[in-house]
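A short reminder: the numbers here are calculations on the coordinates, not readings from a lab. Only a predicted model underlies this, so the values are computations on that prediction, with no experimental measurement involved. Neighbour counts run over all protein chains shown; Cβ positions are idealised from the backbone, glycine included.
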């Protein structure tokens, strides 16, 4: 039985909801070129829990989701709850197993305190809700199907469709694949001297890195507070989505795992390509990666121009096709180009484990929403005690998040938009700010998030959260390219930071306007349209959030174009977002 997360439009049964002020007003009008009109500071938004009712004896867990779109600090307190409910303020998670004595309902009160960045007295808001206690209740919220293209191809998330791939590719098997792929990349002379990768060790490495990033020793295998039930057993992780990303400039496959035993939402996403993961790739290598991944995708899920109709009615057959497809990607080899072959790219992480919270000197919670994002990669490290340094072992380590767009300019030939480091970060610009150049990834054109390292020096940030880099995100990062500028979408995930993408109140930019794609086309472009706030998760659990619906439609359009460009195949996929 899946755990339920927050639901933006949920009405809570038997709830008496009282707020001392209204939640955020509708987003303001947006000018051409993506510059939002000035507006007053908005209150924090509080999202009601997804539960309408629960049966006595059934354990539930839900988060207190609060978002402040103006970058103000928020403190969240659970000031009233049923006697049997427990609350973790670091992760903002409520755990409750009601009894018959809790009937007819359990009542909760949340106090949110907003400390404005611009100064002034803190603003306080109260939110009351109740969850009915009803014997025999079996309430389950499931996201409705979003159409054949999404369910069978773009975001495969149905539990029945994923049952086979979960059996065939448990978490440790994916780590074994990572070890195998990294080992084969070593020079042949080194392989015999290198310790064979161990999947369980890689798993412990990942937990250790995440415990450090979140400041939460429940994930640390060496800590006495280690949560063995949730994290000690890799079987706690289950595939919750398989996502071919044919919409990316370098096509890839993403396999999303969720920890089903942790009370908080915790996700790890394996990214695989068919070409080496390096900044500058020859165009022919990228073209081969794209053509081959698109070919494997078409062979797995299509019959001629159409998605295989039997997969709509036969979930087991579709699940078998998904599993076979994953297997072919992981086992892919080629002699056509030395840089082409199955490749592990990274293991991005998203969770509400406290990494996004501000802590006091004693480690106690002070402010934040608990959410954070980080990236793990596989690296060869020296083996402890090896004096001559010949021995190495593969480890999963946390690495700096690989940068985001701070400036968009036309390419030298004027044929395309390109992302570059803004002048204050560009080491080759005389106006750059000394010490900031370390953030510039010159070849990629991205700027890393500015963390403070040893001796107060600026270093690339390895974790993203609402509480971090606020001045950068609201200043240098958007000085000339607002978040709603549609040209950011040309640079995919690097168009904006993890937090900015996941916690958003606007749509993708209008890419139907050619000026947003081509600097040779004159005229203005329009910013992304306002949307209800997206509260964190991109994988649907209880509902499809408005932004994700819009994004899936855009991806269908891009998938259609990928089949046409890479294979010369016209499919019956539709394209409502981009003009023909």
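The table below gives the values:
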{"item": "Shape call, the stretch 234-391: gyration tensor on alpha carbons, a/c limit 1.5", "result": "oblate"}
{"item": "Fully extended contour minus Cα-Cα distance, from residue 217 to residue 442, at 0.36 nm per residue", "result": "77.4 nm"}
{"item": "Residue 113 versus residue 429: modelled label distance in nm, points set 7 Å from Cα along the beta carbon direction", "result": "4.0"}
{"item": "The stretch 32-133: relative contact order in percent, alpha carbon pairs under 8 Å with at least 6 residues between", "result": "29"}
{"item": "Added length on full extension, which subtracts the Cα-Cα distance from 0.36 nm per residue, residue 190 to residue 312", "result": "39.1 nm"}
{"item": "Relative contact order %, the chain, counting alpha carbon pairs below 8 Å whose residues are six or more apart", "result": "15"}
{"item": "Peptides ranked, highest mean first, by Cβ atoms within 10 Å: ranges 259-268, 441-450, 114-123, 93-102", "result": "259-268, 441-450, 93-102, 114-123"}
{"item": "Cα→Cβ-extended label distance, 7 Å offset, between residue 138 and residue 572, nm", "result": "3.5"}
{"item": "Added length on full extension, which subtracts the Cα-Cα distance from 0.36 nm per residue, residue 529 to residue 366", "result": "55.3 nm"}
{"item": "Structure-based [θ]222 nm, the chain - -39500 (n - 2.57) summed over DSSP H runs of at least 4, per residue, nearest 500", "result": "-5500 deg cm²/dmol"}
{"item": "Mean-position separation - Cα centroids, the stretch 99-178 and the stretch 209-258, in angstrom", "result": "17"}
{"item": "Residue order, fewest to most beta carbons within 10 Å, for 421, 575, 498, 557", "result": "575, 557, 498, 421"}
{"item": "Rounded FRET efficiency, nearest 0.05, which uses the C-beta distance separating residue 391 from residue 229 and R0 of 30 Å", "result": "0.30"}
{"item": "Ranked by how many other beta carbons lie within 10 Å on average, peptides 473-481, 169-177, 359-367 from highest", "result": "169-177, 473-481, 359-367"}
{"item": "Overall form of the stretch 418-545 per C-alpha gyration tensor (a/c, 1.5; a/b vs b/c)", "result": "oblate"}
